[in-house]
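What follows is a short report on a single structure.
The values are calculated or read from the model by the stated rules, or taken from the named source; none is laboratory data. In this text, all values refer to a predicted model and were calculated from it rather than measured experimentally. Neighbour counts run over all protein chains shown; Cβ positions are idealised from the backbone, glycine included.
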Amino acid sequence: MSALAVNLLGTRATPAPPVRIVHLGLGAFHRSHQAWYTANAADAEQWGIAAYSGRSSSLAEALTAQDGLYTLVVRSPEGDRAERIGSIVRAHGGSELARFVDDVSARTTAILSLTITEAAYSPRETCADVAVLGALADGAELSQIEPSTALGRVVLALEARRRAGSGPLALVSCDNLADNGGVLRASVGSLAEAVPGLGDWIDSTVSFVSSSVDRITPRLSDEETAALAKVYDDCAPVVAEPFSDWVVAGSFPAGRPQWEAAGARFTDDLDPWEARKLWLLNGAHSLLASLGRLRGHRTVSEAIADAECLRAVGAYWDEACAHLPDELGLSAYRSALLDRFRNPRIQHLLAQIGLDADTKVRVRIAPVAERERRAGRSGAACAVVIAAWLAVEGQAVDRESVAGTVGMLSAALGADAAFVEAVHKALQQVGNLTLR
């Protein structure tokens, strides 16, 4: 049982903890990871979460009907282990903007965390909210402002907190981006420029925490959800693998849960841990999502059982590991990843992993390819990953089109004629591998 004592769904054995964390991006990934760590912190009874979805309200409604409680099903080849999680005190739909602003601006709130996907940090995603937030400079009331993006909502809430005088706050990114805290700082700072005085307040009052989150959490089909609901009497179950890792870097000026009691690690240098996870786990996922689908596979476990896919993953990992310190236990981590990928009871869909593939390839694969080229090597395995992505997306295969697409991933790689040619040749190789 979780450190937060719960009985049946819809009831709690002890009072719900006070809300001190607001989370944006309510979904399975948050509930299998940060919410689990919070529920299992040594001081869990002091840290409740008010969680907000991005858009849909259906999950929030299901959790509300269960008093925020849900079942985490840890699925291993040997069987399932279920745990009731009680750290989410309130669940809200994305349309509840005023409630979100109130929660973030509350003096009792110490942390605002986010799982909003990599694409949500793009200036192309947030640019529309610059003018929306700019209306505050012209005298508009907070209640009149309705940002359309996740980070626009965050900046609006920060302005409300500034006006309320509610003190310091930690913003924690849990998304799969290198230096995700730094990226969040830059994105929030850019939007905050539209609001007079907000940028200076953020610089002096808000911390931006980076974190590396590592736990495979597949999206469940409606049929799987219904089957689990019958077993656990739960309309909002989550399935995850046994492995879990969380490495955190940054300050928490208003305090934080004792997450280390649940296994979280705190470090002054997150970069190598973040790169290990982003390049090896997520990078291999992107490779399998493309090459595996080309070869007719549906899930990660199916794809990694294919000798061609396994060979491509190994070659890509060799290139990535050349730029990681041995102190990270790379051999053991690679071995553990293969065991995790081969877990047949984690139905991690390749089509799900392949969503927003251009952003994922840009942040997971391009940095490795750039380093390989700077080291004087071909980056051939990275070229295969990019070629597989181009092939599964049905992109044009002439050299000019390849150069343009590679250039969108990385200006340096797009200007590298030898690497562009390697991707072009890899497209032909990938074509030969599509028939099983």
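Can you tell which of Thr108, Thr64 is surrounded by fewer than 22 Cβ atoms within 10 Å (Cβ to Cβ), assigned by TED's automatic domain parsing to the domain that holds Pro253, β-branched (Val, Ile, Thr) and without any contact (Cβ under 8 Å) to a residue 60 or more places away in the chain?
That would be Thr64, the only listed residue that is surrounded by fewer than 22 Cβ atoms within 10 Å (Cβ to Cβ), assigned by TED's automatic domain parsing to the domain that holds Pro253, β-branched (Val, Ile, Thr) and without any contact (Cβ under 8 Å) to a residue 60 or more places away in the chain.
Looking only at the range 76-84, decide whether some residue is closer than 18 Å to Val231 by Cβ, of a type outside the set (D, E, K, R) and in contact (Cβ under 8 Å) with a residue 24 or more places away in the chain.
Looking for residues that are closer than 18 Å to Val231 by Cβ, of a type outside the set (D, E, K, R) and in contact (Cβ under 8 Å) with a residue 24 or more places away in the chain, one finds at least one in the range 76-84, hence yes.
Inside the range 233-253, can you point out the residues that are more than 25 Å from Ala82 (Cβ to Cβ) and surrounded by fewer than 18 Cβ atoms within 10 Å (Cβ to Cβ)?
Ser251, Phe252, Pro253
Residues are listed down the side, and each one gets a yes or a no for (1) buried (at least 20 other Cβ atoms within 10 Å of the Cβ); (2) more than 28 Å from Ala254 (Cβ to Cβ):
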| site | (1), (2) |
| --- | --- |
| Pro123 | no, yes |
| Thr126 | yes, no |
| Val155 | yes, no |
| Arg161 | yes, no |
| Gly167 | no, no |
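Any idea which of Arg362, Arg334, Arg340, Arg298 is touching an Asp or Glu at 6+ places or on another chain (Cβ under 8 Å) and touching a residue at least 40 places away in the same chain (Cβ under 8 Å)?
Arg340
Where in the range 1-115 are there strands (runs of 3 or more DSSP E), lying fully within it, with 1 or more residues that are more than 20 Å from Phe252 (Cβ to Cβ) and out of contact with any Phe, Trp or Tyr (no Cβ under 8 Å at 6 or more places or on another chain)?
70-76, 79-85, 88-92
So Gly189 clears everything in (1) modelled with pLDDT of 95 or more; (2) surrounded by 20 or more Cβ atoms within 10 Å (Cβ to Cβ) except one condition, right? Which one?
Answer for Gly189: the failing condition is (2).
Across the range 128-146, what is the number of residues that are touching a residue at least 40 places away in the same chain (Cβ under 8 Å), touching a helix residue (DSSP H, G or I) at 6+ places or on another chain (Cβ under 9 Å), surrounded by fewer than 20 Cβ atoms within 10 Å (Cβ to Cβ) and of a type outside the set (A, V, I, L, M)?
Number satisfying all stated conditions: 2.
Taking the conditions exactly as written (under 16 Å from Val368 (Cα atoms) and touching a residue at least 40 places away in the same chain (Cβ under 8 Å)), does Asn282 satisfy them or not?
Answer is yes for this residue.
May I ask you to list pairs of residues, at least six apart or on different chains, whose Cβ atoms are under 9 Å apart, with the first in the range 44-56 being in the same structural domain as Leu26 (by TED's automatic domain parsing) and within 12 Å of Arg99 (Cα to Cα) and the second being among the polar types (S, T, N, Q) and surrounded by fewer than 24 Cβ atoms within 10 Å (Cβ to Cβ)?
The qualifying pairs are Ala50/Thr109.
Given the conditions (1) touching a Ser or Thr at 6+ places or on another chain (Cβ under 9 Å); (2) among the small types (Gly, Ala, Ser); (3) at pLDDT 95 or above, report the number of the one that Ala396 does not fulfil.
(3)
Anything in the range 261-313 that is over 20 Å from the mean Cα position of the chain (by Cα), closer than 25 Å to Asp326 by Cβ and acidic (Asp, Glu)? List them, or say none.
Within the range 261-313, Asp268 is the sole residue that qualifies.
Output the number of the condition that Ser207 fails; it satisfies all remaining conditions of (1) under 30 Å from Ser76 (Cβ atoms); (2) modelled with pLDDT of 95 or more; (3) polar (S, T, N, Q).
Failing condition for Ser207: (1).
From the set of residues in the range 338-395 that are under 28 Å from Ala28 (Cα atoms) and of a type in the set (Asp, Glu), which is nearest to the chain's Cα centre (by Cα)?
By that ranking, first place goes to Asp356.
Taking the conditions exactly as written (in contact with a strand residue (DSSP E or B) (Cβ under 9 Å, 6 or more places away or on another chain), assigned by TED's automatic domain parsing to the domain that holds Val368 and crowded, with 17+ Cβ neighbours inside 10 Å), does Leu281 satisfy them or not?
yes
Considering the range 153-177 alone, what residues qualify as being closer than 16 Å to Thr115 by Cβ and either in a helix (DSSP H, G or I) or not polar (S, T, N, Q) (or both)?
Matches in the range 153-177: Arg153, Val154, Ala170, Leu171, Val172, Cys174, Asp175, Leu177.
Could you tell me how many of the residues in the range 126-181 are under 16 Å from Gly25 (Cα atoms) and either touching a Lys or Arg at 6+ places or on another chain (Cβ under 7 Å) or among the aromatic types (Phe, Trp, Tyr) (or both)?
Of the residues in that region, 1 qualify.
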